[in-house]
Amino acid sequence: MPVHNSQELQDNRLALGVTGHIGAGKTSVAKYLSTAHGFYYVRYSQILSEWRAEDPDSKERLQTVGWEVMGGGMQAELNARLIAQIPPRSDCAVDGLRHPTDFDSLSKAFPSHFCLLFIDCAQEARWQRLRTRYPLLADFKQADSHPVEQQIEDLRGKACESITNDGSLQDLYSKVENVLQQMRKGGRQ
């Protein structure tokens, strides 16, 4: 699929980046945008896995490889690979921003129609959602405090909207709908 670098085409696309701590609901939000609104769905861990030929089902291994990329000064390359996969003229939902470079890269690619959503959720609720992967709270806390997860809070201040995910999925989707409606009206940039 050819990549189109026209600023004009990119300016017309709506791009929503989704960030938050593990288990907050990032993937639920991004996939909802894809299924309910036809957004092209792309996930940082998918790009990382394809680039570094790793197992996408191993969260621990992806965190390690993500840290190698982040700590090795390759975050801009990861972002270039991700942005190159977004088709021209497509709205997109980008799942899993973890670094300020991710925000900067997407802001430049979509200068007037990019919005970062910060999905917030209490640690206990996030652990409950991921108990099959992390049966012990100590294991969850270890994953949640991995170095690759440490810059997520830096993104909170860059978000155009922070959504608290403390209810049902329908409640979360309703909050996303409100943000999307405001963006389409031009109220969030």
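Derivation of every value follows stated rules applied to the coordinates shown; laboratory data play no part. Predicted model only: the values in this text are computed from it and were never measured. Don't worry about glycine lacking a Cβ; one is built from the backbone with ideal geometry, like all the others, and counts go over all protein chains shown.
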Per-pair calculated FRET efficiency, R0 = 45 Å: A84 and A122 via Cβ, rounded to 0.05: 0.80
Rounded to a whole number, the Stokes-Einstein D of the chain in µm²/s (Kirkwood radius over Cα pairs; 10 °C; 1.306 mPa s) is 94 µm²/s
Does anything in region 75-118 have its amide N under 18 Å from the 7 Å Cα→Cβ label point of R52, and if so which residues? 75-83, 95-103
Förster radius 25 Å - calculated FRET efficiency between R133 and E77 (Cβ-Cβ, nearest 0.05): 0.30
Which of K26/K175; K26/K59; K141/K175 exceed 19 Å between C-alpha atoms? The answer is K141/K175
Give me the dipole magnitude in Debye, nearest 20, for region 105-189 about the Cα centre, with unit charges on the beta carbon: positive for Lys and Arg, negative for Asp and Glu. 320 debye
